[in-house]
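Working notes for the structure below.
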Amino acid sequence: MNTKKITFTNANGTRLAARLELPDDERPVAYAIFAHCFTCSKNIKAAVNITRAMSSRRIAVLRFDFTGLGESEGDFAETTFSSQVSDLVAAAEFLEREYEAPRLLVGHSLGGSAVLVAAGAIPSATAVATIAAPYNPSHLRRLLGESAEEAERQGEATVNLGGSDFTIRKSLLDDLAAQRPTETLAHLQGALLVLHSPADTIVKIDNATQIFQAAHHPKSFVSLGSADHLLSEAADSRYAGEVIASWAMRYLDGVGAEPVAQRQFLAADNRVTARTGAEGFRTEIFANGFNLTADEPISYGGSNEGPSPYEFLMAGLAACTTMTVQMYARRKGWPLVEALVRLSHHKIHAEDCQDCDSQDRRLDQFVRELELIGALDQEQRQKLLEIAEKCPVHRTLTSEIRVETRLKESMVEV
């Protein structure tokens, strides 16, 4: 986890609180901004999961609290839709000034409507993704119910959303009514990804249809299946983040920017980072710029969303074996078409092992089956079997290994 706590000011000089999710090696291929839903905050679980899933794919993401929400300064009662758009533009200006101009904008719910409008004022943005966004921002007025009617009559009203009271003013309603979504989408530059769930009861999927039809190509749609509006299930929000990151890679090459394909694979440093959350054993692995997922079987308390640590260990041994064998065969000019390795892992008693000195402990045993495909004679096959025993990972596993563990002080906040 590589989360930086930062602040920046909006056009009115108000300090807004933010978190910048960076790849573990701080070498992103691009920067993005995430806009949360109305009255939510940057720390809502869906926002955290989405932005961290994106950062694990090497996209740095800034998520922040709009004016008057979360840890940001300001009076939420003065908020309008346009003021939230202005906050997004301020966030883009901060990134351009301090890091790099954002090329991807992502918005959830009303935040999705906001990034569609903000994109016109952020020239660096080459891709926009919306999640459960209403086609027309004025959709919010219907959700406010009687509070909206009261604000129309008296100038302001209190509305309870998610168990908390918020003051809204007529200026918010007027601003929502002034939006022209058809024009906004007709003039949208760059690529658009629309993510929505058919099961969303807050912002129905018809909104996604309208957004998609009003926009020009390139545009894409992804269904979020049975996800609710807030993407309450962690698997749903992680999925959304992973899909957005994968989709965006095709469109992140901005004018004058170094192509993503060239920036994605920088000098190898053999560094591996693993992160396991508070629930289950699903673990995000960042291995020299590549994202992997580890987990445990359901029977062991995991969710079976990735190979187990021992399976990763076997994968390393298997891959190293086939690479080593193929490298040797190529050097010799031998007709090896493919090298396949199948591995299994067992715990055995020392007394079952003829080569073991100790008789009072259990040992790990890897059984490796090597299959060589090609017109090789028996002597060549036997030599390649010997070479398999000399692969670097095999040597590491069978030699004395020293693991040094240090405790690092963490300043990361959710």
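The values are calculated or read from the model by the stated rules, or taken from the named source; none is laboratory data. Note that the structure is predicted; figures quoted are calculated from it, not measured. As a convention, Cβ positions derive from the backbone with ideal geometry for all residues, glycine included, and neighbour counts pool all protein chains shown. The area values use the complete protein model at the heavy-atom level, side chains included, leaving out ligands, DNA and RNA. Shrake-Rupley method; radii C 1.70, N 1.55, O 1.52, S 1.80 Å.
A few comments on the model shown:
- Averaged over its residues, the stretch 46-139 has an accessible area of 24 Å² per residue, based on protein heavy atoms and a 1.4 Å probe.
- For the stretch 75-207, the alpha carbon positions stretch 43, 35, 29 Å along the principal axes, listed from largest to smallest.
- Options Leu372, Leu22, Ala101, ranked by Cα towards positive dipole end of the chain, top entry (Cβ charges): Leu372
- Comparing Met314, Met54, Met249 in a Gaussian network model of the chain where C-alpha atoms under 10 Å apart are linked, the largest mean-square fluctuation is found at Met314.
- When the Gaussian network model of the chain links Cα atoms closer than 10 Å, the mean-square fluctuations of Arg103, Arg238, Arg153 top out at Arg153.
- For a paramagnetic label modelled on Ala11 (point 7 Å from Cα along Cα→Cβ), amide N atoms under 13 Å away belong, within the stretch 93-121, to 93, 118-121.
- Solvent-accessible area, 1.4 Å probe, carbon plus sulfur percent, for the chain: 49 percent
- Cα pair distances exceeding 15 angstrom across the stretch 140-186, given as percent: 45 percent
- Overall form of the stretch 1-134 per C-alpha gyration tensor (a/c, 1.5; a/b vs b/c): rounded
- Fraction of antiparallel bridges per DSSP, the chain only, in percent to nearest 5: 60 percent
- Centre separation in Å (Cα based) which lies between the stretch 299-338 and the stretch 80-98: 47 Å
- Kirkwood Rh and Cα Rg combined as Rg/Rh, the stretch 38-104: 0.98
- Using the Cβ-Cβ distance between Arg402 and Gln213 with R0 set to 41 Å, the FRET efficiency works out to roughly 0.10.
- Per-selection Kirkwood Rh - the chain (Cα, Å, 1 d.p.): 24.4 Å
- Part-to-part distance (alpha-carbon centres) for the stretch 159-236 and the stretch 363-386, which is given in Å: 57 Å
- Placing dummy labels 7 Å off each Cα toward the beta-carbon, the span from Arg250 to Arg395 is 4.4 nm.
- Sites Phe290 and Ala177, calculated FRET efficiency, Cβ-Cβ separation with R0 56 Å, nearest 0.05: 0.70
- With each label modelled as a point 7 angstrom along the Cα→C-beta vector, the Arg271-Met323 pair spans 1.9 nm.
- Point-to-point label distance, Asp206-Glu371, nm (Cα→Cβ direction, 7 Å offset): 5.5 nm
- Karplus (6.51, -1.76, 1.60) ³J(HN,Hα), θ = phi - 60°, over the stretch 45-58, in Hz, Gly and Pro reported as x: 3, 4, 5, 5, 5, 5, 5, 6, 5, 5, 5, 5, 9, 6
- Radius of gyration and Dmax over the Cα atoms of the stretch 157-246, both given in Å: 15.8, 42
- Highest-fluctuation residue, Leu195, Leu340, Leu22 considered, GNM on the chain with Cα pairs under 10 Å: Leu340
- Placing +1 on the Cβ of every Lys and Arg and -1 on the Cβ of every Asp and Glu, with no other charges, gives the chain a dipole of roughly 940 debye about its Cα centre.
- Each DSSP beta bridge with both residues in the stretch 30-188 is either parallel or antiparallel, and the antiparallel ones are about 30%.
- Taken about its Cα centre, the stretch 169-225 carries a charge dipole of about 40 debye when Lys and Arg each add +1 at the Cβ and Asp and Glu each add -1 at the Cβ.
- Entries in Lys45/Lys170; Lys45/Lys219; Lys42/Lys408; Lys4/Lys408; Lys4/Lys45; Lys5/Lys219 that, when Cα-Cα distance is taken, lie over 24 Å: Lys45/Lys170; Lys45/Lys219; Lys42/Lys408; Lys5/Lys219
- Listed by chain and number, the aspartates and glutamates whose alpha-carbon sits under 18 Å from that of Lys347, ignoring those within fewer than 8 places in the same chain, are Glu296, Glu311, Asp355, Asp357, Asp360, Asp364, Glu369.
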